[in-house]
Amino acid sequence: MPEGHTIHRLAADYAERFLGQQVRATSPQGKFSDGAALVDRQVLDTTEAHGKHLFLGFGPDRWIHIHLGLFGKVGFGTAPSPKDLRQAPVQGGPPSPPTDTVRLRLANPDAYADLRGPTTCALITDAEKQAIHDRLGPDPLRPDDDGGRAWLRISRSRTTIAALLLDQKIIAGVGNVYRAEVLFRHGIDPYRAGRDLTRAQWDAIWSDLVALLREGVRHNRIDTVRPEHTPEAMGRPPRVDDHGGEVYVYRRDRQGCHICGTEIRTAGLAARNLFWCPGCQGPGGAA
């Protein structure tokens, strides 16, 4: 599932192409036809992200709410937008991509954006949007958020910090990659209870998440290794993985830790695969 940096990047990408402009909105797939018709030829005046939720604003009381879930994707392109395969392609040219999977297409004379396979694509009101914000925790990428509200819940919880970091009601936007990596970077045992963290440790984790997620938005991928641990600095092969980016522990089970050489371990926790280094993240460990 895309993590928070991806959604904030999408908000910026939509804004770059469509903000302040009248757009054509359609649902080639048909599942969002009624909602698309209500914003068709309207001006996109706001794009916003909170955690893993994307909001596209079309004036008072009219928002498209998108949650990509596990399978959702957004593809951008330049005009003209692809035609349905049922229409004949230009003679001698390649066939156009199919549109029967496009839930929502926004387009203007210069660009288009196709949304496919989201968990949620719905037209909502201001009140419904606020209800979503109210149930989410603070987002490290939202300028007005800080880690204080999350700390109030973490500091009282017997639940493991690894599980708490994935609870979107406590902190919004952190997924499995950032969860594993930030705990490694701070030498925190993922099974430590939230209430056993110090406030200084939590503040350091929050600050690191802010920095890491900002870099994720900037580069459109997750990189978590410090400069001294890059492939170039260490003389090791670069990571080859469909998630991209250089990491310490995520999906590196049974491989040696870049720092201490201990074999990375994995286990199920909070319905996701947890990755950690017993050497760097054991009692007293420090990455």
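The values are calculated or read from the model by the stated rules, or taken from the named source; none is laboratory data. Nothing here was measured: the structure is a model prediction, and the numbers come from that model. Positions of Cβ are backbone-derived with ideal geometry, glycine not excepted, and every protein chain shown enters the neighbour counts. Ligands, DNA and RNA are excluded from the accessible area calculation, which covers all protein heavy atoms including side chains. Shrake-Rupley method; radii C 1.70, N 1.55, O 1.52, S 1.80 Å.
Brief remarks follow.
- Within the option set V174, V217, being part of a helix (DSSP H, G or I), aliphatic (A, V, I, L, M) and at pLDDT 95 or above holds for one residue only, V217.
- Residue under evaluation R239, criteria (1) within 23 Å of R158 (Cβ to Cβ); (2) touching a helix residue (DSSP H, G or I) at 6+ places or on another chain (Cβ under 9 Å); (3) open to solvent by 30 Å² or more (accessible area, probe 1.4 Å), criterion not met: (1)
- Subset of the range 1-28 that is under 28 Å from K83 (Cβ atoms) and of a type in the set (D, E) - its residue that is most open to solvent (accessible area, probe 1.4 Å): E16
- Scanning the range 175-232 for residues that are β-branched (V, I, T) and closer than 27 Å to A12 by Cα turns up V177, V182, I205, V210, V217, I222, T224, V225.
- Taken together, I188, I264, I205, I259 contain a single residue that is without any contact (Cβ under 8 Å) to a residue 60 or more places away in the chain, β-branched (V, I, T) and within 22 Å of W151 (Cβ to Cβ), which is I205.
- Within the range 242-264, being open to solvent by less than 50 Å² (accessible area, probe 1.4 Å) and either basic (K, R) or outside any loop (DSSP other than H, G, I, E, B) (or both) holds for R252, G256.
- Set side by side, the residues V210, V217 differ, and just one is touching a Leu at 6+ places or on another chain (Cβ under 8 Å) and closer than 26 Å to S155 by Cα, which is V210.
- Per-region count, the range 1-52, residues closer than 28 Å to D134 by Cα and not acidic (D, E): 31
- Of all residues in the range 128-140, those being touching a residue at least 12 places away in the same chain (Cβ under 8 Å) and open to solvent by 30 Å² or more (accessible area, probe 1.4 Å) number 2.
- Of everything in the range 197-212 that is farther than 14 Å from R185 by Cα and of a type outside the set (S, T, Y), the residue that is least open to solvent (accessible area, probe 1.4 Å) is L197.
- Residue in the range 153-165 that is more than 23 Å from the chain's Cα centre (by Cα) and more than 21 Å from A271 (Cα to Cα) present: yes
- Extreme residue, most open to solvent (accessible area, probe 1.4 Å), among residues of the range 55-74 that are in a strand (DSSP E or B) and within 10 Å of P2 (Cβ to Cβ): K73
- Residue that is in a helix (DSSP H, G or I) and open to solvent by 30 Å² or more (accessible area, probe 1.4 Å), where the choices are R158, R149, R103: R149
- Taking the range 1-38 as the range and being acidic (D, E) and in contact with a helix residue (DSSP H, G or I) (Cβ under 9 Å, 6 or more places away or on another chain) as the test, only E3 passes.
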